[in-house]
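The values are calculated or read from the model by the stated rules, or taken from the named source; none is laboratory data. Everything quoted here is computed from the prediction, not taken from an experiment. Cβ sites come from the backbone with ideal geometry, for glycine too, and all protein chains shown count toward neighbours. In case anyone asks, the SASA skips ligands and DNA or RNA and just uses the protein heavy atoms, side chains included. Shrake-Rupley method; radii C 1.70, N 1.55, O 1.52, S 1.80 Å.
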Amino acid sequence: MTNWVYPLGTAADGKWDVSIGTSDSSLTVDGWAHTGLKVATLPAGAAVELSAAEEERIVVPLNGSFTVSVDGTNYPLNGRASVFSGPSDVLYSGTGRAVTISSAGGGRVAVATAPAKASYPTRLVPAAETPVELRGAGNCSRQVHNFGTPAALEADRFIVCEVLTPAGNWSSYPPHKHDEETEGETSLEEIYYFETQVAAGSPGPADADAIGYQRVYASDERPIDVSAEVRTGDVVLVPYGWHGPAMAAPGYDLYYLNVMAGPGPAREWLISDDPHHGWVRQTWDSQNIDPRLPFGA
């Protein structure tokens, strides 16, 4: 059976903590074709390089600040202290361009990728221009940074965003799917890259074992059954099926970076809710958004 869950260290490759689905990934995942992710932790003064390839890329600082060189032109990214500090500058490199990422002070950086043919300009998206959405209500409240969605970024194939969920809340909920090309739904692979932290004001120690949970289950005859405990640096792949909730355990905030792309003609995020649970959306009308949001206010 194909492995869909990669705890920290199990998808490492050279300087990369995570390397899955990219043009240069040595890790092969059967049936995985449309999305990729690389994550690196750089010491001060260090750099990582990506050769030109037929894939588009977006560079996302997780903590620390970086300089990204795209075919010799430098773009400074004012990063952040952590993923829970609010949006960061991000850089879309376009397709077929060599990329070098360096950091004077060190930090952790992610690169979301997708095989692509069409060429779009390199674009710096400053943190101040990142669309921030507060989605859901009550204990389904979460915060979404939509820097790589079709409404915010010109790109060929992928849809990229990040989601922050306060301790005890559920996101990616109700469970939904996007695994077929039909009216009202698009076929998209999806990567979840997770980070966790002890929630502000929690009595727990700063070095507590912060955890979250991710659920994926079958929507048709194709078998998939994932119930994963996740921590900082873990990755869950969603090739198809219902997915959700992503649960922030009490006492611990949950972050995930989403990378989606698929074979269909349209770059759209169109979903179908699990009919057993879609009614939950109606309950949000009578609830307020969690007052702990937004992160980084």
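Heavy-atom accessible area, probed at 1.4 angstrom with all protein chains present, ranks ILE20, ILE271 as ILE271, ILE20, highest first.
With coordinates expressed along the principal axes, the C-alpha atoms belonging to region 1-68 extend over 40, 27, 18 Å, beginning with the largest.
Suppose we look only past 24 Å in the calculated P(r) of region 1-144. What percent of the Cα-Cα pairs does that tail hold? Of all Cα-Cα distances in region 1-144, 35 percent exceed 24 Å.
From the C-alpha gyration tensor of region 199-244, pull out the three semi-axes of the equivalent ellipsoid (sqrt of 5λ each), sorted largest to smallest, in whole Å. Before the final figure, lay out the partial values.
Details: eigenvalues 183, 18, 10 Å².
Semi-axes from the Cα gyration tensor: 30, 10, 7 Å.
The Cα trace of region 114-165 gives Rg and Dmax of 13.1, 42 Å, the first to one decimal, the second as a whole number. A P(r) calculated from all alpha carbon pairs of the chain, with 5 Å bins opening at zero, reads 1, 6, 12, 17, 20, 18, 14, 8, 3, 1, 0 percent. Here the spin labels are modelled as points 7 Å beyond Cα on the Cα-Cβ line, and at ALA297 and THR73 they lie 3.8 nm apart. Computing FRET efficiency as 1/(1 + (r/R0)^6) for ALA104 and ALA218, where r is the C-beta to C-beta distance and R0 is 45 Å, gives about 0.45.
Look at the dipole of the chain built from charges on Cβ: of VAL236, VAL280, ALA98, the Cα furthest out on the positive end belongs to ALA98. For region 81-169, the Cβ-based charge dipole about the Cα centre amounts to some 200 debye (Lys, Arg positive; Asp, Glu negative; other atoms uncharged). What longest range of the chain stays clear of loop-exposed GluC sites (Glu not before Pro) (DSSP non-H/G/I/E/B, at most 13 other C-beta within 10 angstrom)? With a cap of 13 other Cβ atoms within 10 Å, the longest stretch comes to 55-153.
Whole number please: convex hull volume per residue, Cα atoms of region 100-197, in Å³.
On the way: hull volume 15.2 nm³, N = 98.
Each residue corresponds to 156 Å³ of Cα convex hull volume.
Between LYS15 and GLU229, what is 0.36 nm times their sequence separation minus the Cα-Cα distance? Round to one decimal in nm. Numbers along the way, then the final one.
Details: separation 214, 0.36 × 214 = 77.04 nm, distance 2.53 nm.
Gain on stretching LYS15 to GLU229: 74.5 nm.
Rolling a 1.4 Å probe over the heavy atoms of the protein chains gives region 187-297 an accessible area of 46 Å² per residue.
Net charge of the neighbourhood of THR41, taken over other residues with C-beta under 11 Å away and scored Lys/Arg +1, Asp/Glu -1, is +1.
Distance between Cα centroids, region 164-192 to region 94-135: provide it in whole Å. Comparing the Cα centres of region 164-192 and region 94-135, I get a distance of 22 Å. The mean of 1/r over all distinct Cα pairs in region 184-297, once inverted, gives the Kirkwood hydrodynamic radius of 16.2 Å. Subtracting the Cα-Cα distance of ARG281 and TYR120 from 0.36 nm times their residue separation leaves 54.4 nm of extension gain.
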